[in-house]
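So the structure is just underneath, and the comments pick up after that.
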Amino acid sequence: VFSTANGNLISVADTDDTEVEVTLTASNGTLTLSGTTGLTFSTGDGSADTGMTFSGTLADVNAALDGLQFDPTAAFEGFASLQLASTDFGAGGAAIPKSDSDTLTIEVGRISTIFSITAATFSAKAT
């Protein structure tokens, strides 16, 4: 989970626009936003998507990204990636829109299976 609490927050910043469009793409896994309040989706819905495109205010976009979860494909081990592309709206149309794209590499390790017994009753009968 990418979040402020975990010290690995992913966020978007813009100095001349309060609204942005964001495209998230994952390889070898899916992405789930922490929420979708205030967002408008053109691709995906923000839950278990390999790719999604949405727009909203910087505050709503960054709230949704704080808690972004990456879930690797079952039995996958190796390197996955998360790409974030963002575009502003050119100061509400008064300027040329600007965009940025960043890619994050995620190393997915083997997950060990842990067996546990939560309750057990044994009985023995003497013969």
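Summary table below
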item: Cross-chain or 6+ apart pairs with Cβ under 6 Å, the stretch 1-14 first and farther than 18 Å from residue 105 by Cβ, then polar (S, T, N, Q); result: 11/62; 12/86
item: Qualifying positions in the stretch 11-35 - closer than 22 Å to residue 100 by Cβ, in a loop (DSSP other than H, G, I, E, B) and open to solvent by 30 Å² or more (accessible area, probe 1.4 Å); result: 11, 13, 14, 15, 16, 18, 34
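The values are calculated or read from the model by the stated rules, or taken from the named source; none is laboratory data. Since this is a predicted model, take the numbers as computed values, not measurements. So basically every Cβ, Gly included, is an ideal-geometry build from the backbone, and we count neighbours across all protein chains shown. Accessible surface is based on the protein model in full, side chains and every heavy atom, while ligands, DNA and RNA are left aside. Shrake-Rupley method; radii C 1.70, N 1.55, O 1.52, S 1.80 Å.
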